[in-house]
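Quick notes on the structure that follows.
A short reminder: the numbers here are calculations on the coordinates, not readings from a lab. The structure presented is a predicted model; accordingly, all values stated were derived computationally and were not measured. Reconstructed Cβ throughout: ideal geometry from the backbone, glycine too, with neighbour counts over all protein chains shown.
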């Protein structure tokens with residue numbers, strides 16, 4: 001069993017003419033890697049009619065609908081995060097409820113609002129009620145604002161996580177850019193924050209630091225935009241960890257924080 | 001024996017963060033782990049020294065001690081220093097497969113007169129010149145590590161500066177490769193090789209696209225280890241539908257044209 005906790009799909013109402021090929025490529029590569037379930041999100045229209053990281057409510061719904069359709073098309077292989085924009089609180093909560101009722105298993109927060117902002121509290125509260133994790137897009141050690149996103153870093157995510165100790169938060173793509181060591185130091189003592197290993201970074205020493213900082217019981221395997229780097233990290237973990245430890249990272253940790261029955265064999 | 005050759009590896013400590021596995025013994029274990037027969041190695045600390053060539057003697061000796069052709073030294077040449085032609089001649093004498101010069105790390109203008117002189121000299125002695133676009137993701141670098149990334153324009157300028165020089169460019173992404181390749185004449189493009197370590201696999205499939213649009217003969221196997229996990233470059237190839245011959249070309253065969 002192998003769960004990719006950080007996947008994305010595209011749809012026809014995005015800027016990408018090759019959206020279908022990219023979706024097929026993810027599933028094909030996933031089969032080769034041995035991915036059992038892709039837990040995915042769609043960030044609105046991926047920039048076509050509203051910004052990727054600031055999706056309009058209408059685009060949020062369109063994107064989530066596209067993901068629900070993919071989930072129905074691939075019921076064994078795809079699960080969804082409901083992507084929402086926390087600036088539209090009522091819409092966000094309604095969208096989460098709608099998507100979870102339709103079979104999604106988590107909440108995706110990109111970079112529409114800083115993670116420590118009080119506007120995220122109603123969403124975190126709903127996550128607690130529905131017992132689903134929140135995948136938070138993270139810039140590892142954000143030293144300034146970056147164009148196109150109101151990115152958060154690990155310190156800001158930990159502020160939110162401390163306010164909601166009964167919710168599992170997933171710190172996105174530790175290898176996705178920025179100072180991962182800063183993030184690992186920040187989340188070490190915040191036990192309801194899990195580290196997603198995805199991202200294009202395959203730095204020597206990063207996985208050792210992940211294990212040393214938060215332990216194998218808080219690591220989740222994923223790919224994001226580069227499945228080759230995900231596979232590389234998995235291969236390295238096979239050497240670094242025992243069989244039982246590896247199973248935690250491959251799927252058992254995910255099975256613990258996602259709703260019961262989210263994955264076929266848990 | 002796989003025949004796989006890693007053209008992009010380093011020995012020695014990195015100044016900006018803790019990196020495990022930088023010793024010759026550790027690199028040998030990593031090569032065994034991912035079934036790489038030979039690594040082209042450069043002395044990493046030297047890239048940050050005033051005279052990077054002071055690391056070359058250690059590099060030659062380490063490669064010699066390793067035996068069995070496990071390491072092939074790629075010494076650094078600094079064309080801004082008075083003795084650079086001697087360093088280049090020593091590389092030829094030592095049987096180095098290539099020499100390296102990362103101009104921005106050495107404080108040189110990437111396509112300035114010193115680099116052009118080096119390109120011409122490399123062309124004259126038949127040694128490929130290795131340049132890295134970057135060593136780390138720019139988003140994660142140490143706050144005091146402000147060395148710029150190599151520009152595609154600099155590679156175009158260097159390949160145009162001499163009609164014999166051959167370049168091996170490492171750590172380039174798809175956009176960089178395309179900009180240089182299609183911004184060069186066919187003859188110029190035929191004298192540039194690219195390592196695969198920074199080119200994305202699925203679902204974006206940048207590597208698959210480049211192999212189709214630019215040609216499989218332009219690409220060689222490189223990892224950037226130990227700064228990067230060598231497993232990544234192997235995984236990239238494992239995710240492609242390559243014939244055994246195509247895979248062998250990338251893993252070693254294309255080096256014949258680069259080094260002959």
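The overall shape of the stretch B:1-130 is prolate: from the C-alpha gyration tensor, with semi-axes ordered a ≥ b ≥ c, the ratio a/c is 1.5 or greater and a/b exceeds b/c. Taking other C-beta atoms within 10 Å as the exposure proxy, A:144, B:156 rank A:144, B:156 from fewest upward. With contacts taken as Cα pairs under 8 Å at a separation of at least 6 residues, the stretch A:53-118 carries a relative contact order of 38 percent.
Solvent-free Debye calculation, one equal scatterer per alpha-carbon of the protein assembly as shown: log10 I(q)/I(0) at 0.07, 0.12 Å⁻¹ equals -0.40, -1.08. In plain terms, the residue of B:170, B:209 with the fewest other Cβ atoms within 10 Å comes first and the most crowded comes last, giving B:209, B:170. Counting, for every residue in B:18-27, the Cβ atoms of other protein chains within 10 Å of its Cβ and taking the mean gives 2. Annotation for the stretch B:191-260 versus the stretch A:165-240: alpha-carbon center distance of 26 Å. By its C-alpha gyration tensor, with a ≥ b ≥ c as the square roots of the eigenvalues, how is the stretch B:130-260 shaped: rounded for a/c under 1.5, else prolate for a/b larger than b/c, else oblate? Oblate is the answer for the stretch B:130-260, as a/c is 1.5 or above yet b/c matches or exceeds a/b. Judged by the ratio a/c of the largest to the smallest principal axis of the C-alpha gyration tensor, the stretch A:53-185 counts as prolate, that ratio being 1.5 or greater while a/b is larger than b/c.
Residue exposure proxy: B:142, B:78, ordered by other Cβ atoms within 10 angstrom of their Cβ from fewest to most, comes out as B:142, B:78.
Note on B:197-209: average number of Cβ atoms from other chains within 10 Å of each residue's Cβ is 6.
Using C-alpha pairs below 8 Å separated by at least 6 residues, the relative contact order for chain A is 16 percent. Neighbouring Cβ atoms from other chains, within 10 Å of the Cβ of residues in B:221-234, number 5 on average.
Across the stretch B:151-201, the relative contact order, built from alpha-carbon pairs under 8 Å that are at least six residues apart, equals 47 percent.
Averaging the Cα positions of each part gives two centres, and for the stretch A:87-153 and the stretch A:22-70 these lie 16 Å apart.
Entry note, the protein assembly as shown: the mean residue ellipticity at 222 nm calculated from DSSP H runs of n ≥ 4, each adding -39500 (n - 2.57), is -11000 deg cm²/dmol after division by the residues and rounding to the nearest 500.
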